[in-house]
Structures are given as C-alpha cells and as structure tokens.
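Everything on this sheet refers to the single structure shown next.
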Amino acid sequence: MVKIKVVVCIKQVPGTTDIKIDPKTNTLVREGVENIINPFDSYALEEGVSLKERMEQVSGTIALTMGPPQAAQILKDAISVGIDSSILLSDPEFAGADTWATAKTISAAVKKIGGAGLLIFGKQTLDGDTGQVGPETAQRLNIPFIGYVSQIIEMDKKKIRVKRLMEHGYETIETNLPAAISVIKDINQPRVPSLRGKMKASKAEIPVWDSSFLGLGPKEVGLSGSFTQVVKVFTPKASHEVMMLEGSTEQQVEKLYEKLKGLKAGV
Amino acid sequence: MDYFLTEEQQMIIDICREITEKKVKPIRAELDEKQVFPAEILKEIGGSDLFRLFIPEDYEGMGTGIFEVCLATEELSRGDLSVATSYAASGLGFLPIIISGDEDQKKKYLPGLASGQRLAAFGLTEPEAGSDAGGIKTRAIREGDHYILNGTKQWITNGGEADVYTIFAMTDPKKGSRGASAFIVEKGMDGFEFGKKEDKMGIRASATRELIFNDCALPKENIIGKEGMGFLIAMKTLDRSRPAVGAQGVGLAQGALEEALDYSRIRKQFSTSISSFQAVRHMLADMATQVEAARNLVYHAAKVVDSGKKDISRLSAMSKVFASDMAMQVTTDAVQIFGGYGYMKEYPVEKMMRDAKILQIYEGTNQIQRDVIALDLIKKGF
Ligand SMILES: Cc1cc2nc3c(=O)[nH]c(=O)nc-3n(C[C@H](O)[C@H](O)[C@H](O)COP(=O)(O)OP(=O)(O)OC[C@H]3O[C@@H](n4cnc5c(N)ncnc54)[C@H](O)[C@@H]3O)c2cc1C
C-alpha cells in the first residue's frame with residue numbers, strides 16, 4: 001500500500017503584538033521578546049497529528065521550519081504534541097528571505113525528504129501576514145494548493161477532499177495528491193502536549209539542514225535570493241478619529257444626535 | 001519558589017498549567033452553573049498521559065510516585081476543583097487494583113485506565129454508612145463461579161461516567177469490618193444501574209451519583225485480593241490518596257490567592273489600591289504563608305508515601321486536614337478581599353469558596369482524620 005507522508009510547515013514568531021522596529025535596519029527587535037509558534041501553525045500541527053491517528057494510510061509526520069537556531073524550540077514543541085520528527089532549515093545565509101526565497105528553501109527541503117503526500121501550512125503568520133509561502137511552495141513543487149481549509153472531509157492514497165472557507169461561504173474541493181493546503185482555526189482544537197511527548201522532545205536531536213546541504217547557491221536564498229526588500233516599516237499615522245457608539249439603537253441615535261449637535265458650531 | 005523538581009516533574013506542572021489556562025478557565029463557570037461533566041477536559045488530561053503517572057510501566061503507565069500525582073492534582077485544582085476531583089477520583093478507583101489486584105486484573109483494566117479511555121470510581125459510602133464505613137450493608141454472596149451483589153452506594157464520584165468501579169461489599173457480615181471484600185464492577189453489567197445525580201453546593205461539574213446493585217452477578221475473578229481483605233484495601237488506598245486531597249486544597253487556595261492578589265492591586269478605594277491597606281496586606285501575607293506551609297506538608301507526606309514506609313496514616317491524614325482547612329480559610333479570605341464583588345458569580349472566588357468545603361468532608365471528614373492522628377499519636381508517640 002502506498003503510504004502518505006505528511007509535512008507540516010511552521011514558523012516561530014514574536015509572541016506579542018506590541019512589536020518594536022529598529023528604525024535603522026527596519027527589522028523587528030527580537031531581544032526580550034518571547035518567541036512562540038505562529039498561532040495558525042498550531043492548527044496545522046494538530047491536523048497533521050490527528051490525520052495520522054485517523055487515517056492509517058498516513059505513514060508519518062514531519063515538522064519543518066526555516067529559521068534561526070532557536071527556532072528548534074517550536075520543532076521540539078511539535079514533537080511533544082505528537083509529530084514524529086522535525087527538521088530545522090537554518091543557515092546565516094537564509095536571513096532576510098522574502099516569501100519567494102522562503103518557498104524556494106522549503107520546497108528544496110521537501111524534495112530532499114523525498115517528497116510529501118500532503119503539505120500543511122497555517123493560513124498566514126502573525127508577523128509577515130502574507131499567506132504566500134504555502135501557495136508559492138506548492139507552485140515550486142508543481143502540486144495543487146488549497147487555502148483556508150476548515151475541514152478535511154476525506155483522504156485516500158490518491159485524493160483529498162476538503163471544505164474551505166471563502167468570503168461568501170464554504171466550498172468543497174477535491175484534488176489529487178500530492179497536494180498542499182493551508183488551514184484556518186476552525187479546523188480543530190490543538191491538543192496540549194503529552195508527558196511522553198515532552199520527554200521524547202527533550203531528548204530529540206533536531207537535524208539542521210543548511211543551504212549547501214539543500215544544494216542551493218547563495219544567490220537563491222535569504223536576502224540575496226529575495227525579490228522584495230523591506231525599505232521601511234512604520235506605523236501609519238491616524239488620519240481620522242473614530243468613535244464607537246454603544247447601546248441600543250435608540251441610545252446610539254441619541255448619542256449621535258448629541259454629538260452632531262455639539263459639532264454644529266464648527267460646520 | 002523553587003521546589004527542586006526534576007525535568008519530568010516540571011513538565012507535569014507545565015502540561016497541567018496549559019490545560020488549566022487554555023481548556024479549563026474559559027469554561028469553568030459555565031460547567032459549574034450547568035453542572036456539566038467535563039468529559040472533553042478529561043479526554044485532554046488522558047491524552048496528556050496524566051492518568052499514566054502512578055500506573056506501573058508494565059501496564060502502559062509511567063510508574064511515577066504519588067508525589068507526581070500531587071503535582072498534577074494541585075495544578076488542575078488551581079483551575080477547577082470539579083476537574084481535579086474527577087481526575088483524582090479515577091485514581092482512587094484504580095489504586096486498589098494497583099495495590100492488591102492480581103496480574104490478570106492489572107493486565108485487563110490498567111492499560112485502558114492509563115490512557116484515560118476509561119475512567120474509574122471508588123464505591124465505599126452508603127446512605128447509612130459514611131464515616132462508619134464498617135457499617136456498609138451491600139452484600140456479595142458467593143454462588144458457584146459468581147458473586148451476587150445487592151445494595152446501594154451513595155455519592156460516588158464519577159458515578160455514571162466511569163467504566164470501572166471498585167466496590168466494597170460484605171461477604172461475611174458476622175465478621176464486621178473483617179467481613180468486607182473489594183470487587184471490580186463494570187458499567188453495563190446486568191443488575192448494575194445508576195440512581196440520581198446530586199445537585200451540589202460545590203464541585204458541581206463533577207458527577208456524584210448513586211450506584212444500585214440488584215442481583216448483579218460478578219465473575220469470581222473480579223474480587224480484589226481475598227475475601228475479608230476489603231477494609232484493609234480501602235484503608236491502604238485512602239492512606240495513599242489522602243496527600244492528593246491535600247494537593248487539591250493547595251491548588252485551589254493558590255488559585256484563590258492569585259485572584260485576590262491581582263484584584264487587591266487594581267481595586268481602588270479612598271483613592272488608592274486596597275493592597276495599600278495593612279488589613280488587606282496582612283490577610284494576603286497570611287494566605288500566602290498558609291498555602292506555602294500546606295504545600296510543604298503535602299509534598300513531604302507524598303514523598304514519605306513514595307518511600308515505601310508502612311506507617312503513613314498519621315502524616316497522610318495531617319496533610320489532608322491541614323491543607324483542606326487551609327483551603328476553606330484562604331478561599332473565604334479571597335472572597336473577603338473582593339468584598340461584594342467576591343460574592344458575585346462574575347468573579348471566580350465565589351465558586352472557589354463553595355468548592356473548598358468538600359475537601360473537609362470527602363475521603364474521610366476532618367473530624368475522622370483528627371481521630372486517626374490522635375489515635376496514632378497517643379498509641380505510638382513520636
Ligand atoms: C461530593 C461528594 C463526593 C463523594 N465521593 C465519594 C466517592 O467517590 N466514594 C465514596 O465512597 N464516598 C464518597 N463520598 C462520601 C464521603 O466520603 C462521606 O460523605 C464522608 O466519609 C462522610 O460521611 P457522611 O457524609 O455519611 O457523614 P457522617 O459520617 O454522617 O458524619 C456526620 C458528621 O459527624 C461527624 N462524625 C461522624 N462520626 C464521627 C466520629 N466517630 N467522631 C467524630 N465525629 C464524627 C463527621 O465528621 C461529620 O461532621 C462523597 C461525598 C460527597 C459529598
């Protein structure tokens with residue numbers, strides 16, 4: 001029987017929305033900020049783990065991240081919730097990668113693994129917020145991509161059928177495997193780590209793959225392999241003042257009326 | 001505070017904390033109000049290997065001591081005592097199998113209980129026999145290859161939810177407390193039914209129910225140990241589990257103290273936070289000191305139990321009495337620090353105070369525990 005390998009791609013992000021940006025380098029100030037797994041990626045991990053529990057054709061689960069050495073922590077966390085093994089893609093040359101270079105690196109790693117039956121991504125990251133690494137990776141691997149999956153309805157060794165959330169409702173889509181999907185948080189409720197998982201994770205050696213191991217040249221990865229560069233990051237100035245009126249409709253109308261009356265003088 | 005824990009012990013606490021913060025706190029008030037058994041949370045607890053702790057490795061457990069069970073129980077109690085009680089009651093139900101069960105019973109029952117797929121319960125109390133457990137009337141009469149069970153158990157935690165029940169019944173009433181035996185009864189057996197579910201003051205999300213046996217025929221293999229060993233098994237079990245009741249008190253009180261401390265910092269009266277008033281500060285200081293003292297007594301008692309020492313009744317009873325009385329006091333003081341808001345259901349301390357009371361009652365009332373301590377003290381001195 002053909003078995004399916006599931007690869008879950010995850011990312012470490014700053015665990016706060018109170019982000020500081022270095023005005024000189026235009027990059028995030030990471031010092032003193034606790035790093036966490038990108039929240040959407042924890043749903044991707046849970047789906048990978050539960051797929052293996054639900055479907056006997058899933059032979060194994062691998063978690064993958066590209067990041068600095070300390071990103072190994074989320075790969076260990078992945079093992080503690082039941083992922084079989086993890087791989088860290090790390091190399092000083094990977095730094096500053098945009099979605100293009102990131103997708104190139106991840107797809108090279110997936111090829112190195114020997115391909116995957118199913119790739120699972122989180123919908124988007126908390127920091128970059130682009131939601132593009134998933135589809136771009138799928139494109140490079142020349143496999144179909146389905147975004148915003150809220151349920152895996154069925155999967156056999158050849159096909160996957162999913163429900164996904166679009167702006168105006170749900171769609172049910174079927175596609176051939178291998179395929180890549182990105183998941184939204186309705187898809188499951190991530191479990192808490194198990195004690196045996198945590199003990200396995202604490203002993204696990206996470207292999208580190210660098211650019212030469214992946215067969216990628218310096219021009220293909222990191223900042224030099226990126227088409228986009230962050231020129232400036234800034235908080236937009238508030239151009240309008242917003243006020244939310246609360247209470248019943250009558251009360252809101254009353255408040256609006258009072259407000260407008262107060263403004264009359266200036267008009 | 002450093003308790004010099006191993007990496008594994010710290011992991012147990014971290015896991016329970018994650019369960020408490022993510023899965024329990026957001027819904028505890030609703031579970032309490034609607035009296036909903038926290039089945040989902042217990043599944044999560046099972047998936048996290050927490051039922052495996054005290055079960056030997058040969059039966060898919062992790063072979064830790066009672067100390068580790070206390071760490072888990074304490075942290076779960078910090079979130080919700082109904083959850084912690086349901087967790088601990090399953091342990092109480094399977095402890096007799098670990099302590100006195102035979103190889104076949106261990107192989108048959110422990111793996112499913114270790115994974116949390118199945119829950120256990122401990123059935124000793126009856127309508128006419130509470131503190132005086134020797135007065136139980138449930139009968140088990142041997143007939144060929146079976147024991148025929150008749151009688152009613154009352155207030156059994158996890159009743160209806162559990163699959164495996166340790167039931168104490170008289171095999172030879174003439175012998176009094178030496179005439180009791182312990183049996184394994186499974187949900188679904190003919191002649192085994194559930195009576196009413198209690199509507200309680202506290203731990204309302206836990207299931208407390210009647211078990212009714214009506215000519216329930218048990219295979220003779222379901223006796224734990226030998227005929228007449230029932231009370232010995234019950235006492236051995238309770239001696240080992242009592243530090244975990246103490247741990248419930250420590251966790252519950254810790255939770256109340258944290259709430260009270262946070263509130264005292266933000267509540268302003270007379271233009272200043274109430275934590276600046278000496279009366280409030282001293283209450284907080286006493287609460288923190290009491291919690292710490294109880295924790296140390298519970299940890300010590302658990303470690304003595306784990307050392308394999310035989311003479312553990314006194315210390316084990318002390319840890320239960322001290323920590324449960326402390327929890328009652330600390331949760332009451334937490335309500336006091338909240339003032340009128342503390343009396344309202346919008347804040348968690350109201351429920352914590354209601355929950356605390358049970359700790360002075362179940363697994364032997366604190367009066368009975370004091371009797372145990374005094375008796376041992378007077379008989380043996382130090
Ligand atoms: C929510 C809940 C869950 C429970 N879960 C379980 C369970 O899972 N399994 C189980 O078997 N039981 C369970 N019980 C029963 C519990 O263990 C008993 O309630 C307890 O042992 C006390 O018995 P009683 O309630 O009959 O009180 P009684 O024995 O009637 O006592 C009444 C009062 O008299 C005092 N008293 C009695 N005898 C003496 C004495 N000799 N000296 C001094 N004072 C005395 C007691 O301390 C108490 O204050 C549960 C009870 C409750 C309320």
Collect the residues in segment B:19-63 that are of a type in the set (Asp, Glu), surrounded by 17 or more Cβ atoms within 10 Å (Cβ to Cβ) and free of Cβ contacts under 8 Å to residues at least 40 places away in the same chain, keeping them in residue-number order.
B:Glu44, B:Asp49
Scanning segment B:174-213 for residues that are among the acidic types (Asp, Glu) and part of a loop (DSSP other than H, G, I, E, B), which turns out nearest to the ligand (Cβ to nearest atom)?
B:Glu198
Residue within segment B:141-150 that is β-branched (Val, Ile, Thr), out of contact with any Ser or Thr (no Cβ under 6 Å at 6 or more places or on another chain) and near the ligand (Cβ under 9 Å from one of its atoms) present
no
Answer with yes or no whether A:Glu167 is exposed (fewer than 10 other Cβ atoms within 10 Å of the Cβ), under 30 Å from B:Glu44 (Cβ atoms), more than 14 Å from chain B (Cβ to nearest Cβ) and of a type outside the set (Phe, Trp, Tyr).
no
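Out of all the residues in segment B:45-56, is one or more more than 14 Å from chain A (Cβ to nearest Cβ) and either more than 18 Å from the chain's Cα centre (by Cα) or assigned to a loop (DSSP other than H, G, I, E, B) (or both)?
Within segment B:45-56, one or more residues are more than 14 Å from chain A (Cβ to nearest Cβ) and either more than 18 Å from the chain's Cα centre (by Cα) or assigned to a loop (DSSP other than H, G, I, E, B) (or both).
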Within segment A:185-214, how many residues are part of a loop (DSSP other than H, G, I, E, B) and more than 30 Å from B:Leu50 (Cβ to Cβ)?
6
Hey, among B:Pro127, B:Pro96, which residue is more than 17 Å from the chain's Cα centre (by Cα), within 16 Å of the ligand (Cβ to nearest atom) and either closer than 20 Å to B:Thr157 by Cβ or at pLDDT 95 or above (or both)?
B:Pro127
Which of the residues that make up segment A:170-200 are within 21 Å of the chain's Cα centre (by Cα) and either within 14 Å of chain B (Cβ to nearest Cβ) or closer than 25 Å to B:Lys23 by Cα (or both)?
A:Ser182, A:Val183, A:Ile184, A:Lys185, A:Asp186, A:Ile187, A:Asn188, A:Gln189, A:Pro190, A:Arg191, A:Val192, A:Pro193
Subset of segment B:4-15, residues touching a Leu at 6+ places or on another chain (Cβ under 7 Å) and either at the interface with chain A (Cβ under 9 Å from one of its Cβ atoms) or exposed (fewer than 15 other Cβ atoms within 10 Å of the Cβ) (or both), comes to B:Met11, B:Ile12, B:Ile15
Name the one entry in B:Met1, B:Met62 that is facing another protein chain (nearest Cβ under 10 Å) and assigned to a loop (DSSP other than H, G, I, E, B).
B:Met62
Filter result for the condition that a residue is buried (at least 17 other Cβ atoms within 10 Å of the Cβ), β-branched (Val, Ile, Thr) and touching a strand residue (DSSP E or B) at 6+ places or on another chain (Cβ under 9 Å), over A:Val183, A:Val192
A:Val183
All but one of (1) closer than 25 Å to B:Phe122 by Cα; (2) in contact (Cβ under 8 Å) with a residue 60 or more places away in the chain; (3) away from the ligand (no atom under 16 Å from the Cβ) hold for B:Met318, so report the exception by its number.
(2)
Please list, ordered by first then second residue, the pairs with beta carbon atoms under 7 Å, 6 or more apart or interchain, first in segment B:111-134 and closer than 17 Å to B:Pro56 by Cα and within 14 Å of chain A (Cβ to nearest Cβ), second β-branched (Val, Ile, Thr) and more than 8 Å from the ligand (Cβ to nearest atom).
B:Ala114/B:Ile55; B:Gly116/B:Ile45
Among the numbered criteria (1) away from the ligand (no atom under 16 Å from the Cβ); (2) assigned to a helix (DSSP H, G or I); (3) surrounded by 24 or more Cβ atoms within 10 Å (Cβ to Cβ), which single criterion is violated by B:Gly91?
(1)
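The values are calculated or read from the model by the stated rules, or taken from the named source; none is laboratory data. Computed from a predicted structure; not experimentally measured. Glycine also receives a Cβ, built like all others from the backbone with ideal geometry; neighbour counts cover every protein chain displayed.
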